[in-house]
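Notes to accompany the following structure.
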Number of protein chains: 2
Amino acid sequence: MNYIARNTDMRLRQLICQIKVDHFSFSVLNTFKLRYLINDTWQKTNNAPIFFYTGNEGNIETFAQNTGFMWDIAPEFKALLVFAEHRYYGESMPYNNKSYADLNHLGYLTSQQALADYVDLIQYLKSKSKYKNSPIIVFGGSYGGMLSAWIRIKYPHIVQGAIASSAPILQFTGITECESFLRIVTSDFKKAHSNCPKLIRKSWNIIVNMTSTNEGKKWLSDNWKLCQPLKNENDIEQLISYLQDIYTNLAMVNYPYKANFLAPLPAYPINAVCKHLTNESLTGIELLIAIKNAINIFTNYTSETKCLNLNNSTPQLDAIGWSFQACTEMVMPICSDGINDMFKPHTWNLDEYSKDCIKQYSVKPQPNLICEKYGCKDLSTATNIVFSNGLMDPWSSGGVLRNLSSSAIAIIIPESAHHLDLRSSNPNDPFSVVLARKYHRFFITKWINEYHEIRK
Amino acid sequence: MNYIARNTDMRLRQLICQIKVDHFSFSVLNTFKLRYLINDTWQKTNNAPIFFYTGNEGNIETFAQNTGFMWDIAPEFKALLVFAEHRYYGESMPYNNKSYADLNHLGYLTSQQALADYVDLIQYLKSKSKYKNSPIIVFGGSYGGMLSAWIRIKYPHIVQGAIASSAPILQFTGITECESFLRIVTSDFKKAHSNCPKLIRKSWNIIVNMTSTNEGKKWLSDNWKLCQPLKNENDIEQLISYLQDIYTNLAMVNYPYKANFLAPLPAYPINAVCKHLTNESLTGIELLIAIKNAINIFTNYTSETKCLNLNNSTPQLDAIGWSFQACTEMVMPICSDGINDMFKPHTWNLDEYSKDCIKQYSVKPQPNLICEKYGCKDLSTATNIVFSNGLMDPWSSGGVLRNLSSSAIAIIIPESAHHLDLRSSNPNDPFSVVLARKYHRFFITKWINEYHEIRK
């Protein structure tokens, strides 16, 4: 048994549950070990509520450590805390070290299989007499929030309510315009300093020009401390997409205090980034040096990074698994025009995208699958879900920003980045986040009371 | 193109749709031809309602021919009629003639895969511009009714409402007592003549005694014209279970007029059967002859049956596929005590049942799977479903007999057998069935109006 110390009374026991690799046929009969973390410090009586985090793309510890809201409210609800790891991430590998070997093994990495894992785990927990009549409240942020919303939509008899924070369940083809996402990122940078996005916009051509010669490639590789020196066109494209990812990540984790979610960062990291990008006249090598210093905030805040690895802007999450999901179900169109946003213009091209996916995984992206399976346009039958979205969060572009029904509610948090409301309470929290958490508590109380009411 | 003539203006075009064998992984990429029947006689304008029959265990023609209600109301709704065949039945074989070869091929015969087939087919139909904004109303009887209810529960964004007739979605472990089913059968026979169930109850011991000797086995085999003469204990058990099936089937199709659903039968066939079983003093060979004459109504009403095949009491349906489903998901406990019912006492024994399934298909029945996946106890979030149940129908034991919510409604039809309300209107219909169909029309109208209202 392995303990993850948060502090003395916040320990997580690590457990495993044997789960079917394929929940939807009787042809594939293998099982695997799904990992979950549990804390029963506050659960004192029988039928205590179970607060269940529907894990997303990464080690489950990351989410247990960055979902302080569940820890903060567990004592008042006397709840059991459970954090379930998503299959194919962390240690929950359906086929051990062969899980990513080929499509035969990797093909069971789907959201519907993951939901069925969580249903099985919940049923297993509820098979114990002390949890027999425990209401289940699910929590999730980002993709984890999508899973929280979907598990309530698909299994309302298993899950009583869902707090789906920053869950872009509408960021799909034909539903949300691909331009929205990067415009929000741009607006966050503009708020920090009006010249900041202008300089970033200007930088793309300078990078392209600079790296058009071998000397320029060498200069940039050396000066920016790239792990692999730039060699060809592909490397330049990769550098540009790496930068875009970093700006996007900064917008997501632009929290009001020092934190370590996608990377260790200072409070309001975009402000720190944009401090380097205030002088509108910066250009050429000077601008490239300023950009390098700016992104340094994200890539090397702790001064421990030896070099920049362009393959992965978020080493704390598992990029390989997600890129497979993005190549199958999670096709979320994002594009830029370079006018209304600060990015290098880039159209959304499904054919090109598909070619890459076929090359990398032998799969063809299914851009309509999510809306077909879970619904996008008509979600009026959804109940007992809080969709919370921070307007500073680029993912709010695909979030549910209007109530779907009388109990599937949208909460807008103007001053919040990506699922800030799921983090621990902090003195620097903006008031809108404090208020959102009050709503969460209100609805959780309501769902738990309704659950017990029916059983009386 | 193949036409199935019902009458001159009721033709069905037979079409196929290429569908994934496995909707829930990216490892199994095969597709197969799902058959569906279509009639567009009354669909005149764009965005006409689509009345979609969610096919159950058998050739789809059987259901198209026995769901006259859809035909009856299509003109007033100007609806397109679609009857979709269930995978692994009729001609919709995922792996052609290997579909039943082994578990690798047969394991994709599950209700969830079937629902996903129907979703794909509906999406395909709606991809045509004339059906782009067509509301989808699903219809189904018995297992097809379960599928209708479940497709609305799981895919409310695809299906606007469901008429789920005689759908025993509660006939599962821990929800419905196993005794209920055969007590309803018994009560139907009692209504025909009070001595009828008494004589049937008495017959079991007489059959057992008679067939305890070789002469007796020979007498019964010859006199009852069995296709295979009785040889051993197993054959006797099979005979008894065959009789139980026939009595049950009679209760299901005890329609008020001559019909041909599970077999060609006269009006109120139980009355015809019980005419042979009125004399309480009948016993021994006399009783066996009376029983033989009684079941003759079911087995040989047309005088065309050469011999009784104990392997299959309903040759019109596909018993092999269903028995696999009953060995995996559709574990519906049924038992008898011989006191409150007319059957040979038989406890429900999951271990024994499982052994048979493992032997026959190498699968272990999952008695909790259906309630875990679809819900049984808490269905309060269900919307836009009419659950209709005839109280003469043994399957009403597992039916939804109370409203689940303000729009998931239970309709009780006291005088109806198994999904009589889905059959064509008939002068002999009892008033309660006529009334039920009025409710159906009322709700269908409401769902269609609501669908268009949202889109205004």
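The values are calculated or read from the model by the stated rules, or taken from the named source; none is laboratory data. Keep in mind the model is a prediction, meaning the values are calculated, not measured. Don't worry about glycine lacking a Cβ; one is built from the backbone with ideal geometry, like all the others, and counts go over all protein chains shown.
For A:N104, the test of being over 14 Å from A:I50 (Cβ atoms), free of Cβ contacts under 8 Å to residues at least 24 places away in the same chain and at the interface with chain B (Cβ under 10 Å from one of its Cβ atoms) is passed. Of the candidates B:N46, B:N56, the single residue that is within 23 Å of B:N249 (Cβ to Cβ) and in contact with a helix residue (DSSP H, G or I) (Cβ under 9 Å, 6 or more places away or on another chain) is B:N56. When A:E329, A:E372 are screened for being within 23 Å of the chain's Cα centre (by Cα), closer than 30 Å to A:I409 by Cβ and either assigned to a helix (DSSP H, G or I) or not assigned by the TED database to the domain that holds A:T186 (or both), only A:E372 passes. Scoring B:I270 on the criteria (1) out of contact with any Asp or Glu (no Cβ under 9 Å at 6 or more places or on another chain); (2) in contact (Cβ under 8 Å) with a residue 40 or more places away in the chain; (3) not small (G, A, S); (4) not in a loop (DSSP other than H, G, I, E, B) leaves a single failure, condition (1). Across the range A:375-383, a minimum of one residue is classified as crowded, with 24+ Cβ neighbours inside 10 Å, within 30 Å of B:F24 (Cβ to Cβ) and either within 14 Å of another protein chain (Cβ to nearest Cβ) or under 18 Å from the mean Cα position of the chain (by Cα) (or both).
Could you give every pair whose Cβ atoms fall below 8 Å, whose first residue belongs to the range A:230-252 and is more than 23 Å from A:K218 (Cα to Cα), and whose second residue is part of a helix (DSSP H, G or I) and of a type in the set (D, E, K, R), counting only separations of at least 6 or pairs across chains? Final answer for the pair search is A:L250/A:D188; A:A251/A:D188. Given the condition outside the structural domain of A:Q65 (by the TED database), of a type in the set (A, V, I, L, M, F, W, C), surrounded by 19 or more Cβ atoms within 10 Å (Cβ to Cβ) and not in a helix (DSSP H, G or I), answer yes or no: does some residue in the range A:280-287 qualify? Yes: one or more hits. Which residue is farthest from B:I448 (Cα to Cα), if the candidates are limited to the range B:145-154 and must be within 12 Å of another protein chain (Cβ to nearest Cβ) and out of contact with any Leu (no Cβ under 7 Å at 6 or more places or on another chain)? Among residues in the range B:145-154 that are within 12 Å of another protein chain (Cβ to nearest Cβ) and out of contact with any Leu (no Cβ under 7 Å at 6 or more places or on another chain), the one farthest from B:I448 (Cα to Cα) is B:I153. When A:C357 is tested against (1) in contact with a Lys or Arg (Cβ under 8 Å, 6 or more places away or on another chain); (2) within 14 Å of chain B (Cβ to nearest Cβ); (3) surrounded by 22 or more Cβ atoms within 10 Å (Cβ to Cβ), only condition (3) is not met. Remark: pairs (first residue in the range A:66-95, in a helix (DSSP H, G or I); second residue modelled with pLDDT of 95 or more and among the polar types (S, T, N, Q); Cβ separation under 7 Å; 6+ apart in sequence or on different chains) = A:G68/A:S424; A:F69/A:S424; A:W71/A:S424; A:D72/A:S424; A:D72/A:S425.
Taken together, the residues in the range B:107-131 that are over 25 Å from the mean Cα position of the chain (by Cα), part of a loop (DSSP other than H, G, I, E, B) and within 12 Å of chain A (Cβ to nearest Cβ) amount to 1. Given the structure, is B:S313 in contact with a His (Cβ under 8 Å, 6 or more places away or on another chain), away from chain A (no Cβ under 11 Å), touching a residue at least 12 places away in the same chain (Cβ under 8 Å) and not in a helix (DSSP H, G or I)? Taking the combined requirement at face value, the residue does not satisfy it. Looking across the range A:29-39, the residues that are aliphatic (A, V, I, L, M) and surrounded by fewer than 20 Cβ atoms within 10 Å (Cβ to Cβ) come down to A:L29, A:I38.
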